[in-house]
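Comments concern the structure below.
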Amino acid sequence: MTEIAETHSAPAPSLTTRLEIVPLVLFTAFAAAPLLAAYSGAEGYVLSLLTRVMIFGIAAMALDLILGYGALVSFGHAAFLGLGGYAVGILASHGFEDALIQVPVALLASAAFAFVTGAISLRTKGVYFIMITLAFGQMLYFLATSLAPYGGDDGMTLASRSLVAGTDWLENDFTFYWVCLLCLFGVYALSRSIAASRFGRVLRGTRENAIRMEAIGFRPFRFQLAAYVISGMMAGLAGCLLANQAEFVSPSFMTWQRSGELIFMVVLGGLGSLHGAIIGAAAFLLLEEFLPEILHTLSFFLSEETRSHLAENWKMVFGPLLILIVLFVRGGIMGLLRRPHHG
């Protein structure tokens, strides 16, 4: 009987092991990438692309904390990216170029904006919450376009990357890559600890049944607002890194389309899976980067003019492709790993 019980319970550890090894493989791959890039002959391109993946991985995790665990569909989360980016740009333009000043200011600005807008937005539910977060995001977007001293609609170019304690460490692409990886790991570790804590359990309980959580003595509004503020601060950090990576800040950081892309990244990777959010960001950005070339190659049987036209209008394929993945790969990419494998 003991042998039968062990036989029946064997697949469960296998599934758990398979899921737990994903973040280990993911961070090992990010750590090994610079070493491989050094021998590829295209290290600048590889580092730039993967740095961008990690930055958007942080932003996607920030959104997943409230979307995957709290069922709060924020359609204005890119506003925090813009806040982080503009904190770097505006402070640098006034002579405050050190990240030790810029990052705390960005986090405080993101926390304040999240607290005020979250306190209002969280008093609504469903589509009303989506629309009011969109409205706040667009409000900040139009504010940024009106900032003529800081480039207005054209944005502003940074003279250099942020200093760290007066040194220009971040000017080196390898150093900046490792800083982004450290931030990614830090945000991931913090998010996991939050999700596994009592706070995270209450947040998930609120997602399932807010009325029941109130009945047993919890106030869902407070937990949701705290999660919203933490999420905003994480996205603000991603905005700081994005501004340094691009050495440019513009209102395009905070458009509603960018917020939609973040939602797609989270859903593509798998809701409620923090490393799934990173994988979703990687899949989204890599598809965006290589799809034009793939389409050009696959359409070899067409005329050169048609192939070029198809490659130029690759977004007409990209959009439906993402929708098909979301519809038919239930649970996103992480959902594929959760499915039992037989044989």
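The values are calculated or read from the model by the stated rules, or taken from the named source; none is laboratory data. Since the model is a prediction, treat every value here as computed from it, not as a measurement. Don't worry about glycine lacking a Cβ; one is built from the backbone with ideal geometry, like all the others, and counts go over all protein chains shown. Note: areas computed on protein heavy atoms with side chains; ligands, DNA, RNA excluded. Shrake-Rupley method; radii C 1.70, N 1.55, O 1.52, S 1.80 Å.
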From the option list Leu181, Leu190, single residue qualifying as open to solvent by 80 Å² or more (accessible area, probe 1.4 Å) and modelled with pLDDT of 90 or more is Leu190
Can you confirm whether the range 312-323 contains a residue that is within 29 Å of Ala144 (Cβ to Cβ) and within 15 Å of the chain's Cα centre (by Cα)?
-> no
Residue match in the range 275-289 (condition: in contact (Cβ under 8 Å) with a residue 60 or more places away in the chain, among the aromatic types (Phe, Trp, Tyr), more than 24 Å from Tyr177 (Cα to Cα) and open to solvent by less than 40 Å² (accessible area, probe 1.4 Å)) | no
Evaluate the following for Tyr228: is it crowded, with 20+ Cβ neighbours inside 10 Å and either over 30 Å from Leu35 (Cα atoms) or polar (S, T, N, Q) (or both)?
-> yes
Can you name every residue in the range 194-231 that is in contact with a Ser or Thr (Cβ under 9 Å, 6 or more places away or on another chain) and part of a loop (DSSP other than H, G, I, E, B)?
-> Phe218
Which one of these is hydroxyl-bearing (Ser, Thr, Tyr), free of Cβ contacts under 8 Å to residues at least 12 places away in the same chain and within 21 Å of Ala78 (Cβ to Cβ): Ser146, Ser191, Ser197?
-> Ser146
Residues of the range 290-329 classified as open to solvent by less than 30 Å² (accessible area, probe 1.4 Å), at pLDDT below 70 and assigned to a helix (DSSP H, G or I), total = 1
Which of the following residues is buried (at least 23 other Cβ atoms within 10 Å of the Cβ), modelled with pLDDT of 95 or more, small (Gly, Ala, Ser) and under 28 Å from Pro149 (Cα atoms): Ala109, Ala59?
-> Ala59
Options Leu72, Leu35, Leu24, Leu67; residue that is within 19 Å of the chain's Cα centre (by Cα), open to solvent by 60 Å² or more (accessible area, probe 1.4 Å) and at pLDDT below 95 = Leu24
State whether one or more residues within the range 209-222 are among the basic types (Lys, Arg), touching a residue at least 24 places away in the same chain (Cβ under 8 Å) and either out of contact with any Pro (no Cβ under 6 Å at 6 or more places or on another chain) or open to solvent by less than 30 Å² (accessible area, probe 1.4 Å) (or both).
-> no
Any hit, the range 241-256, residues being under 11 Å from Leu67 (Cβ atoms) and either in contact (Cβ under 8 Å) with a residue 24 or more places away in the chain or assigned to a helix (DSSP H, G or I) (or both) = no
Go through Thr145, Thr133 for me and flag whichever is among the hydroxyl-bearing types (Ser, Thr, Tyr), farther than 18 Å from Ala238 by Cβ and modelled with pLDDT of 90 or more.
-> Thr145
